[in-house]
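Below is one structure; the comments refer to it alone.
The values are calculated or read from the model by the stated rules, or taken from the named source; none is laboratory data. Note that the coordinates shown come from a computational prediction; the quantities given were computed from them, not determined experimentally. When we count neighbours, we look across all protein chains shown, and the Cβ atoms used for this are built from the backbone with ideal geometry, even at glycine.
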C-alpha cells in the first residue's frame, strides 16, 4: 500500500479492528452487486470509497427520472442510460484506483453463477423475489456469502447468508418461493427516499465485515427497520432441513 492509499484510507487504518491488514483485505476483495438502484446506489458508493478492489455491477435497467428521488449514484444527465454503466461513471470518478465492471444484462441463474465464481461476496440489491431467489440459488451453488436487503414504502430489512458455514440458512429458508405475488416494485408501492440509504449503507457495513472478519455479521438474524417510528427490531431464523435449495438432499 503506497503513501497515497495509506492517507486515503487512514480513517479505516486507525481502527484497531481493521488496521492495515483489514484495509488490504478490502483492497484485494471482489464484490458482485446485483442491482444498481435504490439499495445499490449507497452500497456501491460506500464500497468504492472504502477501496474495494473490484466491483462488478449487473443491472439491465435504464435510469429513469423517477429514480433520481433516491438512486443517488445516478444523475439527471444519465436518464436513459444503463444503470450499471451510469453507476460505473460515478464510482470511477469517486475512486479511480479501483476496478469497476458494468454489466448491462438481466441477472439469470447461469450468468449469476458464472459471475459469482470470481467474487468474494455477493450483495442482493434487486427489487423482485424472482431475482432474489435466483441470486440465492447461485450463491449456494458457488458457496459465496450473500448480503441481502430490501426496502419499500417505509419498511426495510437486511440479513446475511453464508453457505460456507455449517448449518447456515439460505434466503429460501427465510422466504419460500410460494405465496409471493404481493412482491411489487417501488412504482406500485412507493418508497421513502432515505430508507434505501439506511438499508444500503447497512449492506455496505455487512459486506466490509464479511471481507475483513470484523464484528458479527447478521447470520440467522433478520433486522427490520420502520422509518416512520425510527425503530429497529430483530428476528432470528434457522436453516430449514427440508429446504429445496440448501438442504443436503437438495445438494446431493
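Results, tabulated for the structure shown:
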item	result
For residue 97: the one exception among (1) farther than 16 Å from residue 175 by Cβ; (2) touching a residue at least 60 places away in the same chain (Cβ under 8 Å); (3) surrounded by 18 or more Cβ atoms within 10 Å (Cβ to Cβ)	(3)
Of the criteria (1) modelled with pLDDT of 95 or more; (2) surrounded by fewer than 23 Cβ atoms within 10 Å (Cβ to Cβ), which one residue 84 fails	(2)
Helices (runs of 4 or more DSSP H) contained entirely in segment 136-252, each with at least 3 residues that are at negative phi, modelled with pLDDT under 95 and more than 13 Å from the chain's Cα centre (by Cα)	186-189, 248-251
Of all residues in segment 87-111 being at pLDDT 95 or above and within 16 Å of the chain's Cα centre (by Cα), the one that is nearest to residue 27 (Cα to Cα)	100
Selection within segment 100-130 - touching a residue at least 40 places away in the same chain (Cβ under 8 Å) and in a helix (DSSP H, G or I)	111, 112, 115, 116, 129
